[in-house]
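Single-structure report; data block below.
The values are calculated or read from the model by the stated rules, or taken from the named source; none is laboratory data. Everything quoted here is computed from the prediction, not taken from an experiment. Positions of Cβ are backbone-derived with ideal geometry, glycine not excepted, and every protein chain shown enters the neighbour counts.
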Amino acid sequence: MRRFETPYVADWLAASVRWIVLVGLVISVALRGQLSGLPLWPLLFLFIWNVFLSLLAAFSIRAGKYHRQIIFAVDFVLAALCFWMQGGLTGAAAWVGSMPILTGAIYFEMWGAFSAAGLFAVLQYLISRDLFADGITLASLRQLAWTLVVGLVSGVAGRFVMSRLRTSRRTRLDVEARRQHMESERLRAIYELSSALTATLNYKHVLDSALDLSYTALDPNSDPEEPHTDERLVSAVFLFKGNQLQIGSARRFTNADLRINLQGEEGILKKVLDGGDAILSTDVGYDPELGRIVALRSCSSSYCFPLRSGFNVYGAMLFAHPDPNYFNTERCGMLDIIGRQAVIAVQNARLYEDLVEEKKRMVEVQEEARKKLARDLHDGPTQSVAAMAMRINLARRILKKDVSEADNELVKIEELAHRTTKEIRHMLFTLRPLILESQGLTAALEAMAEKMRETFSLNVIINIDEKILVDMEMGKQGVIFYIVEEATNNARKHANAPHIWVRLRNYETGIALLEIEDDGLGFDVAEVTKSYDKRGSLGMINLRERSELVNGLLNVDSAPGKGTRVQVYIPLTEEAADRLHHGKM
């Protein structure tokens, strides 16, 4: 016994015919009133035999190489027994020979049916030969001829039916083979696309490949040997650049279409970008935004889905076709796969671009840090050292005339040297506050405040809620320290503020608020921000960039003569960051 993946139609057809013969035999015997007068065990054997064969057909099991021959032989034997036990040509089962004839027609077509008919005709003659004792009569000949005619007709019918079934099976297998071939080609193409993602960071090239792949993936009826593309299919990738959607890649677009910028604030694009789900539409040609594209005006159906990863939305991918029923479930599923690959491509490219930009920014920050150090050295210790050299020269001249006056000058030089030392130590402290790593943010800020008082006579008041710092990582504490250091230096240099207040407190669940407030001169925030790119200082930019490092939001509130308040809202959890940046506070 061997089990197959698919059932054999011939086995099902033979079992069905056998059930019909059995029902006919029972009805024939019953009509003659012989159900109780004749032995019925041949009918019982036929019933059990057909139940067994039906189960084999149901489970797609066959009896090896000689399956058909075995079934044909058993059918013939059981039909002969039934014919013999039921009274031969004069009995109710005289026509039972049609069962092996039909089985032979199903399994062996013409020669099987006619061979079964010939053998059964001989069997009929042998079993009922007493009827031929007085010579061959017309009635007896009619019985034998009828068996042979049934065999001939069954053979012709069997050849026709089985030929049609074989043709249908071949067609079905061909269709399945073509479908599997196309699925294999699609998977191979998707694999090649995935490989391209890892081989290049040029997302334009990968998006072009994704659009080209879509034409093969969306046409399941194309010949694998002679693939063709649907000239009516229109496709495009829209990518955000700033606040506008620009066409990153497209197929069947006109030159004018390629220059169009969209806002994504109406119609299909708005629904896709806001909802985050793909949309199947049947009126793309009348869309308030997409309707501006000439290539889409002849299309009725469209399938549009977002290119997004997490909270990052890069744009949208659109496919359109004049056929309103073109985008079925299979095609939409394939486009979803292609879209996910395209998202990976865009994400990788954007990450690479961000990495390049971050590298440039780090170089700029380092350059700015060097310039800042140079300015601080020039404005502070360098000037002090130059002043000390001049005063030492002066003291040397005075020493020749008046020793007491020279002594006073040396005292002043000593004070200047101490002040310069404090300035240098303060600069070294702000460059790398070791106390931050060893004792934490509060101790580092208090040490900074103390150095501000000693070096610049500036009163810095620190008020930190220690509960916030319990679970805060050291990297985030370091960023907060440098935000405070930048803001206090800005207040010292530009605001002439006698007092600076530094507060870190809990704002709401999961969000901390850092405030640096001074009572200095203040400034017009809007005016300064407007002309900031023309200024040499990068204080505001440093504050904003460092706020972004802790995923925070920066707010600067100031006015001339009313001091300045710098506020940084710092999320402590991912859920809080989502609320903070999506305006859900």
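The residue pairs whose first member lies in region 41-58 and is in the same structural domain as L78 (by TED's automatic domain parsing), whose second member is of a type in the set (K, R) and assigned to a helix (DSSP H, G or I), and whose beta carbons are closer than 9 Å, counting only pairs six or more residues apart or on different chains, are L46/R18; W49/R18; N50/R18; L53/R18; S54/R18.
Looking at region 288-317, which of the residues that are part of a loop (DSSP other than H, G, I, E, B), under 22 Å from R331 (Cα atoms) and not hydroxyl-bearing (S, T, Y) is modelled with the highest pLDDT? Looking at the filtered set, the residue picked out is C299. Cβ contacts < 8 Å: first residue surrounded by 11 or more Cβ atoms within 10 Å (Cβ to Cβ), restricted to region 381-406; second residue at pLDDT below 75 and of a type outside the set (F, W, Y), any location; separation 6+ or different chain. Result? Pairs that qualify, where the first residue is surrounded by 11 or more Cβ atoms within 10 Å (Cβ to Cβ) and the partner is at pLDDT below 75 and of a type outside the set (F, W, Y), are P381/E423; P381/M427; S384/E423. Residue pairs whose Cβ atoms lie under 9 Å apart, separated by 6 or more positions or on different chains, with the first residue in region 161-188 and closer than 30 Å to D212 by Cβ and in a helix (DSSP H, G or I) and the second modelled with pLDDT under 80 and among the hydroxyl-bearing types (S, T, Y), are M182/T216; M182/S222; E185/T216; R186/T216. All of L431, L436, L399 fail the test of being within 46 Å of the chain's Cα centre (by Cα), at pLDDT below 80 and more than 23 Å from D471 (Cβ to Cβ), apart from L431. Listed by first and then second residue, the pairs with beta-carbon distance under 7 Å, at least 6 apart or on different chains, first residue in region 267-282 and not assigned by TED's automatic domain parsing to the domain that holds F311, second outside any loop (DSSP other than H, G, I, E, B), form an empty list. Residues that are at pLDDT 90 or above, touching a Cys at 6+ places or on another chain (Cβ under 9 Å), surrounded by fewer than 20 Cβ atoms within 10 Å (Cβ to Cβ) and within 21 Å of V206 (Cβ to Cβ) do not occur anywhere in region 250-259. With respect to K476, determine if the residue is loosely packed, with under 14 Cβ neighbours inside 10 Å, in a helix (DSSP H, G or I) and under 46 Å from the mean Cα position of the chain (by Cα). The answer is no for K476. No other residue among A94, A121 is within 14 Å of L22 (Cα to Cα), surrounded by fewer than 21 Cβ atoms within 10 Å (Cβ to Cβ) and modelled with pLDDT under 85 apart from A94.
Summed over region 490-505, residues that are crowded, with 20+ Cβ neighbours inside 10 Å and of a type in the set (S, T, N, Q) total 1.
Can you tell me which condition G64 does not meet? The list is (1) surrounded by 14 or more Cβ atoms within 10 Å (Cβ to Cβ); (2) in contact (Cβ under 8 Å) with a residue 60 or more places away in the chain, and all the others hold. Result: G64 passes all but (1). T455 meets the conditions (1) touching a residue at least 24 places away in the same chain (Cβ under 8 Å); (2) loosely packed, with under 15 Cβ neighbours inside 10 Å in every case but one. The failed one is (2). I461 falls short on exactly one of the conditions (1) exposed (fewer than 15 other Cβ atoms within 10 Å of the Cβ); (2) hydrophobic (A, V, I, L, M, F, W, C); (3) modelled with pLDDT under 85, and that condition is (3). Take the conditions (1) at pLDDT below 70; (2) exposed (fewer than 15 other Cβ atoms within 10 Å of the Cβ); (3) closer than 27 Å to A316 by Cβ; R186 misses just one of them, which is (2).
Take F52 and tell me if it is over 18 Å from I101 (Cα atoms), at pLDDT 85 or above and either of a type outside the set (S, T, N, Q) or buried (at least 16 other Cβ atoms within 10 Å of the Cβ) (or both). Answer is yes for this residue.
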